[in-house]
Amino acid sequence: MDLLIKNGTIVTATEMYKADIAVKDEKIAAIGTEFNESEFAEVVDADGKLVLPGAIDGHTHLALEFGGTISSDDYFAGTRAAACGGTTTVFDFVNQAHGEKMLDAVKRRDALCSVDAAIDYSFHIGVSDVLSEGMLDSMEEAVEYGIPSFKVFMVYDYGVDDGSFFKVLSKSKEIGALVGVHAENRDVNNFLVEKYLSEGKTEAWWHYMAKNESVEGEADVRAVNLARMAEAPLYIVHLANKMGMEAVTKARTEGYPIFAETCPQYLNFTSEVYKRERGRDFVCSPPIKDQESQDALWNGIANGNVSTIATDHCPFKKSEKDWGITKKDGTPGNFTTIPNGCAGIENMYPYMLSQANEGRLSFSRVVEMCSTNPSKLFGLDHKKGALRVGLDADIVIYDPEKNVTIRNDELHGDTDHTIWEGVELKGYPEATYSRGKLVYKDGEFLGERGKGQLVKCHKLNFKGPQL
């Protein structure tokens, strides 16, 4: 046997119990209480600690070209930071080019990722072209390859119209796929942007106002209705508003397979951050909303209608965020020139576990939303998402007594700032194992570039909410 983690409290999506975990050949070989330690190459004492499955971040944007620059964490820096926060699998987005078949897009992106990723990874496909010949049918080829999740945008120039969205939803039902949606009302957003700029309103606050609660909420409601019409499952990414949360809750209550993801930034901050001196650092889409929306999201977590937590990790450096004040060519900028996105890949699991440690939710609920549910939703529960015999030995040892104040200079990404600066956490991951190999310990990254593997996912079949 390769590794024994003994005396810890195992946390699953449904229970907590004392037991030891044996690891052999990258897999969990056994769980019990009476092992012969002499049979193991390494023994780790986790007395007083929690033993958790590694988190699965279902929403990241690594090395993403956006707004005239590229997100500051490449596939190595991003996966390194993830490992140091207890995340052992990430899903990145492949943005389909016009006329590019879905599987070709995946293989193009995987060529970049495979040589750099320090932990395991998979992809969602960002759909932009379903009207060119063969594009819609090429979704099935990607599903058969092991990439059964797709994403459409209802906003931006490359967003799809409702008819194309409906076609993607209808196709997904036929082929065992799940469609995610970035839901914002494009026409209203564009109108408000023009209005505010014409009035000389250029600061970060007006980014939030142009993408306010109703701009997102209306699109959430419309997306849910389109999915119901298509009788297809739907995954709403980075849900940030009360209206959308209510639409998800209603649909799930009525038996529809509608799933919501939210992000830690929406749970910890409110739109007041856009009034700060460096409010531009918080610019992301959808933007962080008001207190009423934050309360609705926490209620969704409590009642089970938020299915997953992810990060939408897409960091940019301060100098790039400053383009909202002065563009890189020296001309005046405005809120539309601020690259959209924030760092969070290293903070997700620690933040949610800290909230559990403070009693806001259970540790099991955190494991459910950050690991077990993503594995089920995206089709990798045959390999990851739980501490179960036969699954990959993606394991986190968590010290509930270790208090940490987040400082960017102690994080492991390539970004020069974090919106989480100064946030205090109760408890923190002590060690992370990726397929049984120690990749993080007590603040130090111990993994290797290129050791991550592409995880092939199985087809999906959702008949109702189920999770």
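The values are calculated or read from the model by the stated rules, or taken from the named source; none is laboratory data. These figures come from a predicted structure and were not determined experimentally. Cβ: placed from backbone, ideal geometry, glycine included. Neighbour counts: every protein chain shown. Please note that ligands, DNA and RNA were not included when accessible areas were found on the heavy atoms of the full protein model with its side chains. Shrake-Rupley method; radii C 1.70, N 1.55, O 1.52, S 1.80 Å.
Specify the residue that is nearest to Met102 (Cα to Cα); the eligible residues are those in the range 140-165 that are in a helix (DSSP H, G or I) and touching a helix residue (DSSP H, G or I) at 6+ places or on another chain (Cβ under 9 Å). First the steps, then the outcome.
Our first condition is that a residue be in a helix (DSSP H, G or I); within the range 140-165, this holds for 140-145, 162-165.
Next, only the ones that are touching a helix residue (DSSP H, G or I) at 6+ places or on another chain (Cβ under 9 Å) stay: 140-145, 162, 165.
Values: Glu140: 9, Glu141: 8, Ala142: 6, Val143: 9, Glu144: 11, Tyr145: 10, Asp162: 20, Phe165: 16 Å.
Restricting to residues being in a helix (DSSP H, G or I) and touching a helix residue (DSSP H, G or I) at 6+ places or on another chain (Cβ under 9 Å), the top hit is Ala142.
Mind checking which residues of the range 299-330 are over 17 Å from Arg278 (Cβ atoms), free of Cβ contacts under 8 Å to residues at least 24 places away in the same chain and exposed (fewer than 14 other Cβ atoms within 10 Å of the Cβ)?
Hits for the range 299-330 are Asp329, Gly330.
For Ser319, all conditions in the list (1) modelled with pLDDT of 95 or more; (2) not in a loop (DSSP other than H, G, I, E, B) hold save one; what is the number of the exception?
All conditions pass for Ser319, except number (1).
Taking the range 62-99 on its own, how many of its residues are without any contact (Cβ under 8 Å) to a residue 60 or more places away in the chain, part of a loop (DSSP other than H, G, I, E, B) and of a type outside the set (Gly, Ala, Ser)?
Summing the residues that are without any contact (Cβ under 8 Å) to a residue 60 or more places away in the chain, part of a loop (DSSP other than H, G, I, E, B) and of a type outside the set (Gly, Ala, Ser) in the range 62-99 gives 2.
Could you check how many residues of the range 279-295 are open to solvent by 10 Å² or more (accessible area, probe 1.4 Å) and farther than 15 Å from Ala343 by Cα?
Residues flagged as open to solvent by 10 Å² or more (accessible area, probe 1.4 Å) and farther than 15 Å from Ala343 by Cα within the range 279-295 amount to 5.
Quick check, is Ser371 under 30 Å from Tyr256 (Cβ atoms), touching a strand residue (DSSP E or B) at 6+ places or on another chain (Cβ under 7 Å) and modelled with pLDDT of 95 or more? Reasoning before the result, please.
Numbers: under 30 Å from Tyr256 (Cβ atoms): yes; touching a strand residue (DSSP E or B) at 6+ places or on another chain (Cβ under 7 Å): yes; modelled with pLDDT of 95 or more: yes.
When the stated conditions are applied, Ser371 passes them.
Assess whether Lys328 counts as being part of a loop (DSSP other than H, G, I, E, B) and more than 28 Å from Leu169 (Cα to Cα). Spell out the reasoning first.
Working: part of a loop (DSSP other than H, G, I, E, B): yes; more than 28 Å from Leu169 (Cα to Cα): yes.
In short, yes.
Report whether or not Ala227 is among the small types (Gly, Ala, Ser), within 18 Å of Leu377 (Cβ to Cβ), surrounded by fewer than 24 Cβ atoms within 10 Å (Cβ to Cβ) and at pLDDT 95 or above. Reasoning before the result, please.
Numbers: among the small types (Gly, Ala, Ser): yes; within 18 Å of Leu377 (Cβ to Cβ): yes; surrounded by fewer than 24 Cβ atoms within 10 Å (Cβ to Cβ): no; at pLDDT 95 or above: yes.
When the stated conditions are applied, Ala227 does not pass them.
Each row is one residue, and each column tells you yes or no for (1) among the hydroxyl-bearing types (Ser, Thr, Tyr); (2) surrounded by fewer than 23 Cβ atoms within 10 Å (Cβ to Cβ); (3) modelled with pLDDT of 95 or more; (4) within 27 Å of Leu3 (Cβ to Cβ).
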position: Pro332; (1), (2), (3), (4): no, yes, no, no
position: Glu346; (1), (2), (3), (4): no, no, yes, yes
position: Gly359; (1), (2), (3), (4): no, yes, yes, no
position: Val423; (1), (2), (3), (4): no, yes, yes, no
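Give the residues of the range 116-162 that are surrounded by 16 or more Cβ atoms within 10 Å (Cβ to Cβ), more than 20 Å from the chain's Cα centre (by Cα) and of a type in the set (A, V, I, L, M, F, W, C), sorted by residue number.
Within the range 116-162, Val130, Met135, Leu136, Met139, Ala142, Val143, Val160 qualify.
Among the residues in the range 166-187, are any modelled with pLDDT under 95, part of a loop (DSSP other than H, G, I, E, B) and within 23 Å of Phe91 (Cα to Cα)?
No, because not a single residue in the range 166-187 is modelled with pLDDT under 95, part of a loop (DSSP other than H, G, I, E, B) and within 23 Å of Phe91 (Cα to Cα).
Does Leu460 satisfy the criteria of being in a loop (DSSP other than H, G, I, E, B), open to solvent by 20 Å² or more (accessible area, probe 1.4 Å) and among the hydrophobic types (A, V, I, L, M, F, W, C)?
Working: in a loop (DSSP other than H, G, I, E, B): yes; open to solvent by 20 Å² or more (accessible area, probe 1.4 Å): no; among the hydrophobic types (A, V, I, L, M, F, W, C): yes.
Answer is no for this residue.
Which of the residues spanning the range 97-119 are touching a strand residue (DSSP E or B) at 6+ places or on another chain (Cβ under 7 Å), more than 20 Å from Ala77 (Cα to Cα) and small (Gly, Ala, Ser)?
Within the range 97-119, just Ala105 meets the criteria.
Within the group Asp322, Asp312, Asp281, Asp290, which residue is of a type in the set (D, E, K, R) and on the phi > 0 side of the Ramachandran plot? Walk me through how you get there before you give the answer.
Numbers: Asp322 fails: on the phi > 0 side of the Ramachandran plot; Asp281 fails: on the phi > 0 side of the Ramachandran plot; Asp290 fails: on the phi > 0 side of the Ramachandran plot.
Going through Asp322, Asp312, Asp281, Asp290 in turn, the sole match is Asp312.
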